[in-house]
Amino acid sequence: MTDQNTTSTESAPEKRISLLTVLGPAHVWALGVGIVLVGEYMGYNFSIGKGGALGSLISCWFIGLLYTCVAMVDSEVSATVASAGGQYSQAKHIVGPLMAFNVGLYLVFAYTMLEAADALVVGDLMVEAAHDFGFAGLDPKPFVVFTIAILAWLNYRGVFMTLTVNFIITAVAFVAIFVLFFAAQGWTPGVALHHKELLTKLPYGWLGVVAAFQFAIWYYLGIEGTCQAAEEVRSVSRALPLGTITGMMTLLIAATVTWYCTTGLVPWEYLGVSIIPQYDAARAFGNPIVKFVMFIGTLFSSLASANGTISDAARAWFAMARDRYLPVWFGAVHPKYRTPYRSIVFLIPVAISFGFTGLLDQVITFSILSGLLGYTFMSINMFKFRRQWPLGTIRRGYVHPFHPFPAITLFLLCCVTYFATYLGYGMELLALMTFYIAASVWFHFHRYKYVKRGDQFTMAWPRPQGY
Amino acid sequence: MNAFEFMGLLCWIGAAVLVLWMVVDFFKVNITYDENYLLSSLEGHDEITEQEKKHRREREARA
């Protein structure tokens, strides 16, 4: 293995530029929850279509367990590998270059497709709003493009303002979930929420529950994105674990309340195919103020998610370029705003092209699958991390409890979710795997020769055990 | 043209202005600054620790 202490410091120019170290735990929370919370406004409901309302709740909590493991594992490794690129950098230091290349691609595709899906939702929401006002047939494309453009501009101008805005709009979207709960008097069943009449037995049995796992991921997809900000937080060892784990707690509460309110208002058969389920639940509730709040909640959560995914995808792309896994040209930092500006600009047309397809469920599925491949890596990565650098050999900002149970649980739940994906989207699963295999072959035979192998290991760690 | 179509038109114009702004700034930065400087960031480079060390040295020098 290459010497981990080797850096390029000696040959580098004296005057350096770096990403700006300005973020705190609230920004980390805003990044993680901001990316995910849109899942509480749309997407999660496809799990209701797969397994019925109760099947969705069961899968919501099992997938919640998967993501709690993700948050624990990720917090320990990210608080130690404090670098933009998140899981990509972890893979590079702990597993090896080919894994790192693949993980980097998973991240870029998961976030860019999620960004496109978010922009599509903004467009769909405007179409629905226009329809409610009596204007049918509105073209959603200008709203999709404007969403991506304004958020890319915000990201271009600096990470502090980007994530401060994300904090505000995410907080508003989170509060909006509870507006529906309080308006419907969620604590008194039968007033507005009719679970007794609407909840049925499992319509497709336990296989339906397993099939629902695929879309239950939408309740939490993206919380692992917090670690992309590792290079820009003031105190990595404090801010990252605190932001990620409080974010996960926020999402578990939001997911359960969302399920409770919507399934009490809308029959599962309709909810399971809705594009904007919270807004539809508000329509069913009938109160115009609640409907407006749900419109704002859906809009803000989509914007927060797109904002966070632009930030994360650009940092993953930037980190890969800096190590020459991709053309090094993308590894530039803006001298004034201190952002990875070339990566941000490059990914705008990519996101817009995904957004113009209009295929929301296909885009979501590719995003979920890329994310899932990343989680599978995390479980393997955790074992290697603890084996190569046991506790006490390097300074860790956070040590997660009960190792190896979270890593094992994570791996097993990932396997179940692959099976669930195979049931509904087998062709997409095969297509994506083929793509990643082809990309790996390209990297191995073509791209790897450009990688400066010694320069990429920057952590001042001792040689790993066994090498 | 109804209000929503007008909003759509504004969105096209707004998006064009923002993208144009980014593209202009993008090329301006690329031309103005040395490429090696733009590409000089290091993974895990801890700016705050460096600043703290610098301030400590300055305090010690003053003392």
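The values are calculated or read from the model by the stated rules, or taken from the named source; none is laboratory data. Here the structure is a predicted model, which means the values were calculated and not measured. Every residue, glycine as well, gets a Cβ built from its backbone with ideal geometry; the counts of neighbours run over all protein chains shown.
So residue A:332 ticks every box in (1) touching a helix residue (DSSP H, G or I) at 6+ places or on another chain (Cβ under 6 Å); (2) touching a residue at least 24 places away in the same chain (Cβ under 8 Å); (3) buried (at least 18 other Cβ atoms within 10 Å of the Cβ) but one. Which box is left unticked?
Condition not satisfied by residue A:332: (2).
Table: residues versus (1) at pLDDT 95 or above; (2) among the polar types (S, T, N, Q); (3) in a helix (DSSP H, G or I); (4) under 23 Å from residue A:67 (Cα atoms).
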{"site": "A:193", "(1), (2), (3), (4)": "no, no, no, no"}
{"site": "A:226", "(1), (2), (3), (4)": "no, yes, yes, yes"}
{"site": "A:237", "(1), (2), (3), (4)": "no, yes, yes, yes"}
{"site": "A:254", "(1), (2), (3), (4)": "yes, no, yes, yes"}
{"site": "A:257", "(1), (2), (3), (4)": "yes, no, yes, yes"}
{"site": "A:269", "(1), (2), (3), (4)": "no, no, yes, no"}
{"site": "A:275", "(1), (2), (3), (4)": "no, no, no, no"}
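Suppose we filter A:96, A:39 for residues that are more than 18 Å from the chain's Cα centre (by Cα) and either surrounded by fewer than 24 Cβ atoms within 10 Å (Cβ to Cβ) or not aromatic (Phe, Trp, Tyr) (or both); which single one remains?
Only one candidate passes the filter, namely A:96.
Give just the number: which of (1) within 25 Å of residue A:367 (Cα to Cα); (2) surrounded by fewer than 13 Cβ atoms within 10 Å (Cβ to Cβ); (3) not hydroxyl-bearing (Ser, Thr, Tyr) does residue A:185 not satisfy?
(1)
What single numbered condition from (1) more than 14 Å from chain B (Cβ to nearest Cβ); (2) surrounded by fewer than 24 Cβ atoms within 10 Å (Cβ to Cβ) fails to hold for residue A:237?
Residue A:237 satisfies every listed condition except (1).
Answer yes or no: is there a residue in region A:388-400 that is out of contact with any Ser or Thr (no Cβ under 8 Å at 6 or more places or on another chain), within 24 Å of residue B:43 (Cβ to Cβ) and part of a helix (DSSP H, G or I).
yes
Hey, does region A:311-320 have a residue that's over 24 Å from residue A:33 (Cβ atoms) and within 12 Å of another protein chain (Cβ to nearest Cβ)?
yes
Only one of these conditions is not met by residue A:170: (1) of a type in the set (Val, Ile, Thr); (2) within 14 Å of another protein chain (Cβ to nearest Cβ); (3) surrounded by 22 or more Cβ atoms within 10 Å (Cβ to Cβ). Which number is it?
With respect to (1) of a type in the set (Val, Ile, Thr); (2) within 14 Å of another protein chain (Cβ to nearest Cβ); (3) surrounded by 22 or more Cβ atoms within 10 Å (Cβ to Cβ), residue A:170 is out only on (2).
Does region A:333-369 hold any residues that are closer than 29 Å to residue B:43 by Cβ and not in a helix (DSSP H, G or I), and which are they?
A:333, A:334, A:335, A:336, A:337, A:338, A:339, A:340
Pull out all pairs, ordered by first then second residue, where Cβ-Cβ is under 8 Å, the residues are six or more apart or on different chains, the first lies in region A:446-461 and is among the acidic types (Asp, Glu), and the second is modelled with pLDDT under 90 and surrounded by fewer than 16 Cβ atoms within 10 Å (Cβ to Cβ).
A:455/A:6; A:455/A:8
Looking at residue A:289 and the list (1) over 16 Å from the mean Cα position of the chain (by Cα); (2) outside any helix (DSSP H, G or I), which single condition is not satisfied?
Answer for residue A:289: the failing condition is (2).
Criterion first (small (Gly, Ala, Ser), touching a helix residue (DSSP H, G or I) at 6+ places or on another chain (Cβ under 9 Å) and closer than 17 Å to residue A:162 by Cα) does residue A:367 satisfy it?
no
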